[in-house]
Ligand code: MG
């Protein structure tokens, strides 16, 4: 059995469009400002996609789903994540687990991380952990200009 690790990172700035919803890990964070993006802006799903693709050495999210492709305008990123899971499985890898961190000055995400972990675990069919932390006022994330997400995935192949 071969074990492989992959890591992913994504960052999106907050949108000026008040009608955009904040979606992280497939969960809508009610009442929060949304993130600017070609897709739904789910930076957590995007970081997890890149971690999965990295573990399988299958490139990155932008290669598979170009952000200038009109098919992905407003795309539900959990559907992209499901496609990535299928790609990785098709290459013979089974997900062992994933661990994710969301860095956000606001909104307060701790009430939502459990639902995010459950939704992502369902899509990956493997345990997924989601943690939330703040930027402590440092840099762009600390000034609440956007949200950054990190993910690590372990996969195994027989
Ligand atoms: Mg992204």
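Give the residue that is nearest to the ligand (Cβ to nearest atom), with candidates limited to residues of region 23-71 that are at pLDDT below 95, in a loop (DSSP other than H, G, I, E, B) and farther than 22 Å from residue 141 by Cα.
67
Could you say which residue among 41, 62 is more than 22 Å from residue 97 (Cα to Cα) and crowded, with 22+ Cβ neighbours inside 10 Å?
Only one candidate qualifies: 41.
Rundown of residues vs (1) crowded, with 18+ Cβ neighbours inside 10 Å; (2) touching a helix residue (DSSP H, G or I) at 6+ places or on another chain (Cβ under 6 Å), yes/no style:
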residue	(1), (2)
3	no, no
8	yes, yes
24	yes, yes
28	no, no
32	yes, no
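Scan region 94-137 residue by residue and report those that are in a strand (DSSP E or B), surrounded by fewer than 18 Cβ atoms within 10 Å (Cβ to Cβ) and touching a helix residue (DSSP H, G or I) at 6+ places or on another chain (Cβ under 8 Å).
Once the filter is applied, which keeps residues that are in a strand (DSSP E or B), surrounded by fewer than 18 Cβ atoms within 10 Å (Cβ to Cβ) and touching a helix residue (DSSP H, G or I) at 6+ places or on another chain (Cβ under 8 Å), region 94-137 yields 129, 131.
So for region 80-93 (the condition being surrounded by fewer than 22 Cβ atoms within 10 Å (Cβ to Cβ), within 14 Å of the ligand (Cβ to nearest atom) and either assigned to a helix (DSSP H, G or I) or modelled with pLDDT of 95 or more (or both)), does at least one residue qualify?
yes
Could you list, in sequence order, the residues of region 141-158 that are more than 29 Å from residue 88 (Cα to Cα) and buried (at least 24 other Cβ atoms within 10 Å of the Cβ)?
If the condition is that a residue be more than 29 Å from residue 88 (Cα to Cα) and buried (at least 24 other Cβ atoms within 10 Å of the Cβ), then no residue fits.
The values are calculated or read from the model by the stated rules, or taken from the named source; none is laboratory data. Note that the structure is a prediction, hence the values are computed from the model and not measured. Backbone-built Cβ (ideal geometry, glycine too); neighbour counts: all protein chains shown.
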